[in-house]
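Heads up, the thing below is written out as structure tokens.
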Amino acid sequence: MLDLAFNPYLAFSWSILAGFIMAMGGGGGGILAGIGHISILGIGDPNMIKAVNQLLELISRFFSVPIYHRQKRIVWPLAVAFGIGAPFGAVAGSWFSKSYLHDMTLYRPVFGILVVLVATRVLYEILLKAPSRSTKAGKAQLASDKARQAHIKHLNGKTVATKPKTVSLGWQKIRIFFSDEEFDFNPVIVATSAFGISFLGASIGVGGGFLVTPFMASFLLFPMYLVAGTGLVALMVPLTASVIAYITMNVQMDWVLVGIEGAGIIIGSSIAPILNRYMNEKTLKLYVSIILFGIGFYYLL
């Protein structure tokens, strides 16, 4: 019988919750996994925590992304543009973190500060008045609402849910048509931003979903209905790059822990995309902000 340094039942149970949050597409799942490793399982090696967190996030995506793809909720040009710059940021962030954030007393407050800042931004958006339908934010929210209503009608045999279509491709602008609205983004800006987001995510060791979601929903102003799945796909390349970087830098990995938690991650990640489809824009953002505030202040205080 294995002499485990952690409670396997607790690790498995907590990873189901973490996998559920990871696959919801709003961010916070990797952070939740980190809390489990630091405060519940009592793992004291920050570098192993970062590597395992991101490996679990990668496992989650292998099971949740196909579901979002079947639901036609992924903007592939946006995910590809993000994937161009992301791996470089992930490798650089992994090296920086391994070299300068290897002590738990320094890692915890940095972790907490970054999370609180992101949570503040998301909560600010929730407290704002509902955007006018004539604005880009209003159009994004309306498009999400239409898509969810179309899905419900489809279940009742009335119609089929819409899906994103690429109507123009260019170095400076890519245009997506979705739910009777058009959404544009600059692929160069997305690739550049992906470097910074992946650098921060790999440095803290949480993947970066809590940064990708605000970036796509609040900066690019894409519908949250599409952001959930697209953000998960966009992070698969930098997550892979970061995990490989940590392993090649000889970070110790507890593969028994990964196996036990990976099983829980798969369960949680298979449920979340189905429930996510019924949640509206404000509910998803509120859920993200509550989780992030709680986690951030926990590590600061």
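The residue that is farthest from Q71 (Cα to Cα), among those in the range 132-152 that are surrounded by 19 or more Cβ atoms within 10 Å (Cβ to Cβ) and modelled with pLDDT of 75 or more, is K139. What about F199, is it assigned to a helix (DSSP H, G or I) and farther than 13 Å from L78 by Cα? Yes; evaluated as a whole, the condition is true for this residue.
Taking the options I84, I59, I38, name whichever one is at pLDDT below 90, surrounded by fewer than 23 Cβ atoms within 10 Å (Cβ to Cβ) and not acidic (D, E).
I38
Name, by its number, the condition in (1) farther than 15 Å from V227 by Cβ; (2) in a helix (DSSP H, G or I); (3) modelled with pLDDT of 75 or more that does not hold for V115. The number of the failed condition is (3). Take the residues in the range 87-119 that are surrounded by 21 or more Cβ atoms within 10 Å (Cβ to Cβ) and of a type in the set (G, A, S); name whichever of them is nearest to N186 (Cα to Cα). Here the residue is G89.
For G19, are the conditions met, namely being more than 19 Å from A228 (Cα to Cα), crowded, with 17+ Cβ neighbours inside 10 Å and in contact with a Ser or Thr (Cβ under 7 Å, 6 or more places away or on another chain)? Let's see the steps before the verdict.
Details: more than 19 Å from A228 (Cα to Cα): no; crowded, with 17+ Cβ neighbours inside 10 Å: yes; in contact with a Ser or Thr (Cβ under 7 Å, 6 or more places away or on another chain): yes.
It is false that G19 is more than 19 Å from A228 (Cα to Cα), crowded, with 17+ Cβ neighbours inside 10 Å and in contact with a Ser or Thr (Cβ under 7 Å, 6 or more places away or on another chain).
Where helices (runs of 4 or more DSSP H) fall entirely within the range 233-301, those with at least 3 residues that are out of contact with any strand residue (DSSP E or B) (no Cβ under 7 Å at 6 or more places or on another chain), surrounded by fewer than 23 Cβ atoms within 10 Å (Cβ to Cβ) and at pLDDT below 75 are at 281-300.
The values are calculated or read from the model by the stated rules, or taken from the named source; none is laboratory data. Keep in mind that this is a model prediction, so the values were computed, not measured. Cβ sites come from the backbone with ideal geometry, for glycine too, and all protein chains shown count toward neighbours.
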